[in-house]
Amino acid sequence: MAIYEQILNKIKEYNVIIIHGHVRPDGDCIGSQLGLREALRLNFPDKKVYAVGEMSNYVSFLGKIDEVSDDLYNNALAICVDCGNSERLSDQRFKLAKEVIKIDHHIPVDSYGDLELVEEEKPACAQIIYEILENNNLKINKETATCLYTGIVTDTGRFRFDSVTSETFVVAAKLLNYGVNIVEIDNYLSVETLDVIKFKGYVLSHFKLTREGFAYIKITKEIVEKYNISYEDAANQVNLISTIPGYPVWSLVIEYPTEIRIRLRSRGPDVDKLANLYHGGGHAKASGAKLSSWDELKQFIKDANNLVKNYKKENLE
Ligand SMILES: [Mn+2]
């Protein structure tokens, strides 16, 4: 039986379906969660369908996250989207569910689903959600389409990443037919507060470059507080240093109240293995990792330098 049909059959089996995403959710995560919730409510009005976990402010125009009690999980199906490792799932109560479906496009770290649809080559989990709906001939409305389109737009850097294929545009085109307002979505996603704009100025005047070709910016929690922005808004500025010729790998290293996290990006060598060395992972060209202290940054820079050096040697750059 095709995977799409298997997923539909599981959905049909359960009266309670709870959709989980990952911690510090991005547009693709929230778009996938809320888009799937809306579609399941539309197609199965008798089922109770919820989306739980953290929310992100910048995509709050897509809808709200639900609060559910523990006992709801007793006979529930949990559908986990956009998350390659179970540890990273927001709201660990997915473990209480009777069965778990994993739908994702990250390099798998662990296999936590009873049923799994993982397509690493897909640029957004929201695209996979669309394909599940389409292949099962499920109804789609404007709300679902808006969520899924937002997921695709955000995870592809507005259709600029190399994971984008003609298929991605075909899916986007079909979503537009449901009434998606691309200008409105772009306006929501483009909002920037004055504080964020000032913080960007800080990043652009303080980033560091290594001789080998690694660019990075170090953000302490004092800086985040000084600029009066959220940690998420600060971390999202990683691509401000993405365009410098000769620096194919770059990072934003940021001190959260309880841990130091790295956003690691590349347009050259794959960086997911490097992220694995520092308690992280993700995509080949976009990964996340952690440092146990600022002292560890030196070693991380060394490792990043070696990665870039070897890449340049192999590619005669
Ligand atoms: Mn994603």
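Miscellaneous remarks
- Taking amide H as placed 1.01 Å from N in the peptide plane, Tyr50 has its amide H under 5 Å from the amide H of Ile17, Ile18, Ile19, each at least 5 places away in sequence or on another chain.
- Model label zone, Lys48; criterion: amide N under 13 Å from point 7 Å along Cα-to-beta-carbon; scope region 65-82: 67-77
- Cα centroid separation, region 17-49 to region 242-317 (Å): 32 Å
- Each of Thr220 and Gln299 was given a label point 7 Å from its Cα along the Cα-to-Cβ line. The distance between the two points is 2.2 nm.
- Of all DSSP beta bridges in region 3-190, antiparallel share, percent nearest 5: 5 percent
- Paramagnetic label reach from Thr165 (point 7 Å along Cα→Cβ; backbone nitrogen cut-off under 16 Å): within region 115-142, residues 118-132, 135.
- Folded to 0 to 90 degrees: helix 27-43 orientation relative to the chain principal axis, Cα: 0 degrees
- Top of Val59, Val249, Val224 by mean-square fluctuation, Gaussian network on the chain, Cα under 10 Å: Val224
- Restraint check, Lys285/Lys312; Lys12/Lys142; Lys198/Lys226; Lys200/Lys226; Lys10/Lys48, Cα-Cα greater than 18 Å: Lys12/Lys142
- Point-to-point label distance, Asn137-Lys64, nm (Cα→Cβ direction, 7 Å offset): 3.6 nm
- Computed E for Ala173/Glu116 - FRET, C-beta separation, R0 45 angstrom, nearest 0.05: 0.95
- Length added when fully stretched, Lys198-Asn9, from 0.36 nm per residue minus Cα-Cα: 63.0 nm
- DSSP-assigned coil residues among trypsin sites (Lys or Arg not before Pro) in region 204-275, each with at most 11 further Cβ atoms within 10 Å: Arg211
- Along region 5-21 the Karplus relation, 6.51 cos²θ - 1.76 cosθ + 1.60 evaluated at θ = phi - 60°, assigns HN-Hα couplings of 5, 4, 5, 4, 4, 4, 4, 5, 5, 10, 8, 10, 10, 10, 9, 10, x Hz to successive residues, with x for each Gly and Pro.
- Ranked by how many other beta carbons lie within 10 Å on average, peptides 119-131, 229-241, 169-181 from highest: 119-131, 229-241, 169-181
- Amide H partners (placed H, <5 Å) of Cys80, local residues excluded: His20, Ile101, Lys102, Ile103
- The Cα atoms of the chain give a gyration tensor whose axes a ≥ b ≥ c have a/c of 1.5 or more with a/b greater than b/c, which makes the shape prolate.
- The slack in the chain from Asn187 to Asn276, taken as 0.36 nm per residue of separation less the alpha-carbon distance, amounts to 28.5 nm.
- Helix 142-155 and the longest principal axis of the Cα set of the chain meet at an angle near 20°.
- Maximal additional length on extending the Asn239-Asn306 stretch stands at 22.0 nm, based on 0.36 nm per residue less the C-alpha distance.
- Once the Cα atoms are used to define both axes, helix 166-176 deviates from the longest principal axis of the chain by about 60 degrees.
Readers should treat all values here as calculations from the given coordinates under stated rules, not as data from a laboratory. These numbers were taken from a predicted model, which means no experiment stands behind them. Positions of Cβ are backbone-derived with ideal geometry, glycine not excepted, and every protein chain shown enters the neighbour counts.
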